[in-house]
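Taking it in order: structure first as structure tokens, then the write-up.
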Amino acid sequence: METLTMEKQYPVTIDNGHGERLTFLGRELRDSVEYIQVENQVSPGAGPPMHVHHQQHERLHILEGKMGIEVLGQRPYYLHKGESATFEAGIAHRFWNAGDTTLYCDGEIWPPHNIEYFLGEIYRSSRENGNGRPGSFDAAYLMRKYRSEFDMLGIPAFVKKVIFPVVLFVGKLRGKDKRFENAPEPRPAR
């Protein structure tokens, strides 16, 4: 089985500077499937926008706090301490801290493929950009390169199809793609 496990010391913590902190605890192989263990800390009101993992499943278990969950096309619902949610690959979803205190979760993502790299770069860019969103070029580059694995539904199709190609063209002329020259190759679509 091919694995994208990098020679990395765990734990690895990423922080988007806007209320989301994610720690990758390590990878393990179970029943020929690779999993990455995670811990989340989410500030009140914070959480990722509506997104989809085309190839990864995600399970989160609430340790402390209240989590709001919305699956695309369904009514939002809430989970509390001791409860869990599983988001199957290909299902658009979002979650947020629906309480007044920090939300703490643990969980796992399987198979991880490029989740560490993709989220690490999105969080880095969001922190550097300072407004809670990744920079335009970074978002365009990452969304284009890893489109077989991830999608952000909050970005309008017009932006993805018309604006992002222009941003990529101009950014590449300016050398902005150099920061991604060691990016791992995306997993092919299934």
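The values are calculated or read from the model by the stated rules, or taken from the named source; none is laboratory data. Not measured: the values here are computed from a predicted model. Because the Cβ atoms are built from the backbone with ideal geometry, glycine has one as well, and the counts that use them run over all protein chains shown. SASA here: full protein model, heavy atoms, side chains in, ligands and nucleic acids out. Shrake-Rupley method; radii C 1.70, N 1.55, O 1.52, S 1.80 Å.
Under a 5 Å amide H cut-off, with hydrogens placed 1.01 Å from N, Gly26 pairs with Gln37 among residues at least 5 apart or on other chains. Applying 0.36 nm per residue to the separation of Arg75 and Asp100 and subtracting their alpha-carbon distance, the gain on full extension is 6.9 nm. For a test of understanding, tell me how many lysine pairs in the chain have Cα atoms under 26 Å apart, given they are 8 or more places apart or on different chains. Counting lysine pairs in the chain gives 15.
With q set to 0.16, 0.20, 0.25 Å⁻¹, the log10 of I(q)/I(0) for region 1-71, from the Debye formula over equal scatterers at the Cα positions, is -0.72, -1.07, -1.39.
Share of carbon and sulfur in the accessible area of region 33-190 stands at 52%, probe radius 1.4 Å.
Using the 1.4 Å probe convention, the accessible area of the chain works out to 54 Å² per residue with neighbouring protein chains retained. A Förster radius of 22 Å combined with the Cβ-Cβ distance from Ile163 to Ala92 puts the calculated FRET efficiency at roughly 0.55. Taking only the alpha-carbon positions of region 47-143 and ignoring solvent, what does the Debye formula give for the base-10 log of I(q)/I(0) at q = 0.16 Å⁻¹? Once normalised to I(0) and log-transformed, intensities are -0.76. At q = 0.08, 0.13, 0.16, 0.18 Å⁻¹ the log10 of I(q)/I(0) for the chain amounts to -0.26, -0.70, -1.08, -1.37, computed by Debye summation with a single uniform scatterer per C-alpha, solvent ignored. Note on the chain: GNM, Cα springs under 10 Å; of Val167, Val42, Val33, the largest mean-square fluctuation is that of Val33. Rounded to the nearest Hz, the phi-derived 3J(HN,Hα) couplings of region 136-142 under the Karplus curve 6.51 cos²θ - 1.76 cosθ + 1.60 (θ = phi - 60°) are 4, 5, 4, 4, 4, 5, 5, where x marks glycine and proline.
For Arg30 and Leu153, the difference between the fully extended length at 0.36 nm per residue and the C-alpha to C-alpha distance is 41.2 nm.
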